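In what follows, a single structure is set out as structure tokens and then discussed.
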Amino acid sequence: LRAELQSEGLRVDVDTCHGAFSLHKREQDALPVLEHYALIIVDEFPQLSRANFERIIRAWENAGKVPTLLFLGDFHQLPSIEGTNAKQSGYWRHVYKVRFHRCWRSGDEALLSKLHVLRKNVPKRRFMLRILHGHKAWKHDGPPDKDDLEKLYRDTENRT
């Protein structure tokens, strides 16, 4: 995305939240950090603590709410390591929210039905065994050995 936008002549910066919003600095020193941007996208924002979310909002307000601030994420995935999140902030009620109900990454109905169950629930043992059936990376019980890992790396060479 960065390369595509830069080829259109746009300046694109990519950074962590701590780096981009100067969360490692005193707040008053970091307030002007957003003034030079038109659009700021924060991916995986549910991993932000309440305090960091509120600090980003205050920096945005300090910039006159000029850059469009777009938060992307899913509260059913990794939580904040501090145990708080944006939903616990008073600012949260002012955030315009859009919920997506369609998976864009896959059209495989079998996979999507499994993901639907796993998304918000711990499945019953029977369903979990059905999900796992045929998906073990090695054939024997116990942990993988050297040969298993070599085969796994060879079979998945171009994947992450």
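The values are calculated or read from the model by the stated rules, or taken from the named source; none is laboratory data. Just so it is clear, the structure is predicted and the values come from calculations on it, not from any experiment. Here the Cβ positions follow ideal geometry from the backbone for every residue, glycine too, while neighbour counts run over all protein chains shown. Areas reflect the complete protein model, heavy atoms only, side chains present, ligands, DNA and RNA absent. Shrake-Rupley method; radii C 1.70, N 1.55, O 1.52, S 1.80 Å.
What number of residues within segment 82-109 are open to solvent by less than 60 Å² (accessible area, probe 1.4 Å), among the hydrophobic types (A, V, I, L, M, F, W, C) and over 30 Å from A59 (Cβ atoms)?
1
Of the residues that sit in segment 133-149 and are open to solvent by less than 80 Å² (accessible area, probe 1.4 Å) and free of Cβ contacts under 8 Å to residues at least 12 places away in the same chain, which one is farthest from L111 (Cα to Cα)?
D145
For segment 14-56, which positions are of a type in the set (A, V, I, L, M), part of a helix (DSSP H, G or I) and closer than 17 Å to S80 by Cα?
Of everything in segment 14-56, those that are of a type in the set (A, V, I, L, M), part of a helix (DSSP H, G or I) and closer than 17 Å to S80 by Cα turn out to be A51, I56.
Would you confirm, using the coordinates I've provided, whether K65 is among the basic types (K, R) and within 25 Å of D15 (Cβ to Cβ)?
yes
Let me confirm something: among A30, A63, A51, A110, which residue is at pLDDT 95 or above and of a type outside the set (V, I, T)?
A51
Listed here are the residues, each with its yes/no results for (1) aliphatic (A, V, I, L, M); (2) open to solvent by less than 60 Å² (accessible area, probe 1.4 Å).
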{"residue": "Q47", "(1), (2)": "no, no"}
{"residue": "A59", "(1), (2)": "yes, yes"}
{"residue": "P67", "(1), (2)": "no, yes"}
{"residue": "L70", "(1), (2)": "yes, no"}
{"residue": "G73", "(1), (2)": "no, yes"}
{"residue": "R119", "(1), (2)": "no, no"}
{"residue": "I131", "(1), (2)": "yes, yes"}
{"residue": "Y153", "(1), (2)": "no, no"}
{"residue": "T156", "(1), (2)": "no, yes"}
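Check P144, P123, P79 and return the single one that is touching a Phe, Trp or Tyr at 6+ places or on another chain (Cβ under 8 Å), in a loop (DSSP other than H, G, I, E, B), modelled with pLDDT under 90 and not small (G, A, S).
P144
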